[in-house]
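To start, the structure under review is shown below, and the notes come after it.
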Amino acid sequence: MRVNLTDRQEHILWATVRHYIATAEPVGSKALVDEYKLSVSPATIRNAMGVLEKAGLLYQPHTSAGRIPSDSGYRIYVDRLIQPSDRLAGKVEQVLDQLNWSDGRMEAVLRGAAQILATISGYIALITIPQTNMARLRHLQLVQLEPGKVMLIVVTDASETQSVLVKLPQSTEGKQQDVEIVDRELQILSNFLNSKLQGRSISELSTIDWSELDRDFEVYAELMETMLAALSSRAQNPTYTRILIGGLSEALRLPDFSRLQQVQTLVQLLEQEQELLWPLIFESAQLETPGKRVTVRIGSENPLEPIRGCTLISATYRRGSVAVGSVGVLGPTRMVYENAIAVVEAAADYLSEAIGGNRANFPEADRENPHSTFKDAP
């Protein structure tokens, strides 16, 4: 619901929120006059603060105290009264640009990015592992589990493992081949597939043309198409991925996290119940408000009890037009919003550019045991 405020009331709300963020102390009219040189009397400020309190934007923690912002007050502050810090956004991009994408695994690079964001923002940084639909194949192996059944095991550049189980096709004579022969052929076929598919994204595996298979192995073409189409199809829908966390111990030293029970439930959520948090940071970030590139959930707007006293700011990073992951910061509602929003926005832009192919250059394979092509395999 939109609250109609005069310019003066908006300015006093802005000053109150800003002063409370800086001091963590309830704000009185005299403090605003002294700090912000407002060209009105303390009585006028008190009247305006009373109006803001009646509107539910400020409240008094106890009778004799000044006022502090409510979640609704923070919401108007974020939506109408501030702009993200361009200076800090530039700093984030400059520091992230020092990450080494050329010789590290994606997870290691993203962990480094999370720690950088935590250091710059002063809050808990959260980065989701990229979705399967953009993960690139590092290694695959075909394994015969039992006569007639084969499992395709895939390891991606994000160190994630996936598998697909299918029935082995019948031989041209209508009988299953000898188990040892099938094992040998599957190993040769694994070598062939690794040589052809390393570095490709899983989402494009269903488009491979298998006409290159030699005549003796044509019986496996349908098997490959079935397996890889299933793997590719599975990658189209967003699925829960791990959340990499930076700056947890440092952020918990903030005075806002002084209650032991609050800290315990928050740590449990971040370390043991990430599947509950993941939809908030990834799925919600896809529902971006028109004109705003980040999602800001303040206090009671968060459905999870452990973070109902926190603010979660998130944005997706993309590969082309497809959201593949998200980046966010989690901190107290008393956070420096213009800085936190700028950090998240700049990091999402940077990761979109990096993972889109302009920076990321992951190792294609384990070169100690290079895989031969089919025709050269023994």
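Ser352 satisfies every condition listed in (1) modelled with pLDDT of 50 or more; (2) surrounded by fewer than 22 Cβ atoms within 10 Å (Cβ to Cβ); (3) touching a helix residue (DSSP H, G or I) at 6+ places or on another chain (Cβ under 7 Å); (4) of a type outside the set (Asp, Glu) except (3). Taken over the range 1-42, the criterion of being aromatic (Phe, Trp, Tyr) and touching a helix residue (DSSP H, G or I) at 6+ places or on another chain (Cβ under 8 Å) is satisfied by Trp14, Tyr36.
Remark: Asp71 matches the filter, which requires a residue to be touching a residue at least 60 places away in the same chain (Cβ under 8 Å) and acidic (Asp, Glu). The range 21-118 holds helices (runs of 4 or more DSSP H) entirely within its bounds, and those carrying 3 or more residues that are surrounded by 15 or more Cβ atoms within 10 Å (Cβ to Cβ) and in the same structural domain as Ala342 (by TED's automatic domain parsing) map to 86-96. For the range 182-195, residues that are at pLDDT below 85 and of a type in the set (Val, Ile, Thr) total 1.
Out of curiosity, is Leu32 farther than 23 Å from Gly122 by Cβ, at pLDDT 95 or above and more than 28 Å from the chain's Cα centre (by Cα)? It is false that Leu32 is farther than 23 Å from Gly122 by Cβ, at pLDDT 95 or above and more than 28 Å from the chain's Cα centre (by Cα).
Condition check ((1) at pLDDT 95 or above; (2) more than 30 Å from Gln9 (Cβ to Cβ); (3) more than 26 Å from the chain's Cα centre (by Cα)) across all residues:
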{"residue": "Ile76", "(1), (2), (3)": "yes, no, no"}
{"residue": "Ile120", "(1), (2), (3)": "yes, yes, no"}
{"residue": "Pro130", "(1), (2), (3)": "no, yes, no"}
{"residue": "Ser163", "(1), (2), (3)": "no, yes, no"}
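For the range 310-322, check the following and say yes or no: at least one residue is surrounded by fewer than 19 Cβ atoms within 10 Å (Cβ to Cβ), hydrophobic (A, V, I, L, M, F, W, C), over 19 Å from Ala118 (Cβ atoms) and at pLDDT below 90. Yes, the range 310-322 contains a residue that is surrounded by fewer than 19 Cβ atoms within 10 Å (Cβ to Cβ), hydrophobic (A, V, I, L, M, F, W, C), over 19 Å from Ala118 (Cβ atoms) and at pLDDT below 90.
Looking at the structure I just gave you, is Tyr350 assigned to a strand (DSSP E or B), in contact (Cβ under 8 Å) with a residue 12 or more places away in the chain and aromatic (Phe, Trp, Tyr)? When the stated conditions are applied, Tyr350 does not pass them. Looking at Gly331, Gly320, Gly299, Gly325, just one residue is of a type in the set (Gly, Ala, Ser) and over 24 Å from Val95 (Cα atoms), and that residue is Gly299.
The values are calculated or read from the model by the stated rules, or taken from the named source; none is laboratory data. Note that this is a predicted model, so its numbers are computed, not measured. So basically every Cβ, Gly included, is an ideal-geometry build from the backbone, and we count neighbours across all protein chains shown.
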